[in-house]
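Here's the structure we're looking at; comments come further down.
The values are calculated or read from the model by the stated rules, or taken from the named source; none is laboratory data. Worth saying up front: this structure is predicted, and the values here are computed from it rather than measured. Note that each Cβ is placed from the backbone with ideal geometry, even for glycine, and that neighbours are counted across all protein chains shown. Surface accessibility is based on the protein's heavy atoms, side chains included, excluding ligands, DNA and RNA. Shrake-Rupley method; radii C 1.70, N 1.55, O 1.52, S 1.80 Å.
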Amino acid sequence: MSVQSYLSGDSAVNIARSIESAVALGKIAGGSLLPPVRTAARHLRVSPATVAAAYRVLGQRGVVVADGRRGTRVRHAPPLAMPVAAPLPESVRDLAGGNPDYDLLPPMPRLEHEQRLYRDDLNDPRLLDLGRRQFDADDVPAEHIAVVSGALDGVERVLREHLRPGDRVAVEDPCFTGIHDLLVALALVAVPVAVDDEGLQPDALRRALRGDVAALVVTPRAQNPTGAAITTSRQRALKAVLAKHPELLLIEDDHAGPVAGAPYRTLAEPSRERWAVVRSVSKSLGPDLRVALLAADARTIARVEGRQTLGIRWVSHILQRTVVAMWSDRRVQALLKRAERTYAERRNALLRELRTRGIEAHGASGLNVWIPVREETPVVQALMAAGWAVQAGERYRLTAGPAIRITIATLEPEDATELADEIARIITPSPALARTSRAYTP
């Protein structure tokens, strides 16, 4: 049945209720286009103003998303639970998970922790001081800092404080699945911006910002999944584009931090009205340390911390003190430099082997390599059969072409040759096969 058939009522409240009920019962699927206001008004024999008011109510409740001239659509339901991957056979190497190498994570310190009471400081002042030094070294304005529970927690909190359902957010394409899922959950509309090895493409960003875009989420280095890292020249070009949009909310996600394998080049300026840079310790110190530092403008920090006090109150000081101890330990700093070098060696080894075989691949920084392919599923399945688990690129892509993502964190350079041989065998058909099928050719 058409969406229009589920509309009923003669008031804005009742019309909105009929649509929301049909969505809740699964009769109207996510992504469905609502009929134009005038069409719905004729169907219901009410005024267009009444239907427009109903659509506004639905937008405020996060049921639908208005997309300008493209119309109003039912938003896709947020994921109710994280998908659980099936366990891999023992004979298969896991290059799909995106995890750091366990052996390159520093050991957790054994600390004596004092009890903490309500009304004590929200954040450990030593952690704020260490974080401020790091931000200062990377030219990130750091007068105001908060502590949040990981990079995505920081991004979500900033988006919630500044945006409302239906707002448009520019994101890298391809982009991290967590960012895309977060936007869906918040009823925000993703606007894709193409990336290359140097990060966001200035012309693509310029085109995207011609629309009614409220925010930009960007990963300046170790971009997931492509490994892009903003260069100095690209930083200047992107800042020039952003300077023409001073009202835009800018959010930077530095999830890899000191093990990214590239300098941090921020797009944030102290003069920007709304901005935030979130730096996580998960990739460098360990995923179970749910701690990230958030540098932002004064109003954003006040809003984030104000909302924190109504919910989690604060990030555990046991975790905060653990990060302080690790960041203050010279042995940990040496281990982080070793991890950065090792990840770079493993990433570059695979890139070198792939390029030797004429295979396009990307990975300027970070823990992943992105390989364009003609079709994802056959390549992923063939590599699995050969003993390599890799990630299909579909969930990362908005408009970008098909690809696979390989996490290189545990891939030793001597294994890169074998893996590259398998990839070349799978995506480069024999001359006889090429005459009849070009399915795997990038």
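Once the stretch 95-110 is narrowed to residues that are touching a helix residue (DSSP H, G or I) at 6+ places or on another chain (Cβ under 6 Å) and not in a helix (DSSP H, G or I), the residue that is most open to solvent (accessible area, probe 1.4 Å) is Pro109. Filtering Gly59, Gly98 for residues that are at pLDDT below 95 and on the phi > 0 side of the Ramachandran plot leaves a single hit, Gly98. Filtered by the rule that a residue be in a loop (DSSP other than H, G, I, E, B) and within 22 Å of Leu367 (Cβ to Cβ), the stretch 262-290 gives Ala262, Pro263, Tyr264, Arg265, Thr266, Val281, Gly286, Pro287, Asp288, Leu289, Arg290. Of the residues making up the stretch 124-155, those that are touching a helix residue (DSSP H, G or I) at 6+ places or on another chain (Cβ under 8 Å), of a type in the set (Gly, Ala, Ser) and over 10 Å from Val277 (Cα atoms) are Ala146, Gly150. The set of residues from the stretch 206-219 being under 19 Å from Gly68 (Cβ atoms) and in contact with a strand residue (DSSP E or B) (Cβ under 9 Å, 6 or more places away or on another chain) comprises Arg207, Ala208, Leu209, Gly211, Asp212, Val213, Ala214, Ala215, Leu216. Scanning the stretch 248-271 for residues that are at pLDDT 95 or above and charged (D, E, K, R) yields Glu252, Asp253, Asp254, Arg265. Filtering the stretch 66-80 for residues that are open to solvent by 50 Å² or more (accessible area, probe 1.4 Å), at pLDDT below 90 and within 30 Å of Ala385 (Cβ to Cβ) leaves a non-empty set.
Confirm whether Thr417 is in a helix (DSSP H, G or I), open to solvent by 40 Å² or more (accessible area, probe 1.4 Å) and of a type in the set (S, T, N, Q). Taking the combined requirement at face value, the residue satisfies it.
Checked against (1) buried (at least 19 other Cβ atoms within 10 Å of the Cβ); (2) hydrophobic (A, V, I, L, M, F, W, C); (3) part of a helix (DSSP H, G or I), Leu130 meets all criteria but (1). On the phi > 0 side of the Ramachandran plot, part of a loop (DSSP other than H, G, I, E, B) and of a type outside the set (Gly, Ala, Ser): is that true of Asp139 in this structure? Yes. Taking the stretch 216-241 as the range and being closer than 28 Å to Arg299 by Cβ, within 20 Å of the chain's Cα centre (by Cα) and aliphatic (A, V, I, L, M) as the test, the residues that pass are Leu216, Val217, Val218, Ile230, Leu238. The criterion of being in contact (Cβ under 8 Å) with a residue 24 or more places away in the chain and in a helix (DSSP H, G or I) holds for Arg206. Restricting the first member to the stretch 211-239 and to residues that are outside any loop (DSSP other than H, G, I, E, B), and the second to residues that are acidic (Asp, Glu) and at pLDDT below 95, the beta-carbon pairs closer than 8 Å and six or more apart or on different chains are Ala214/Asp167; Ala215/Asp167; Lys239/Glu269.
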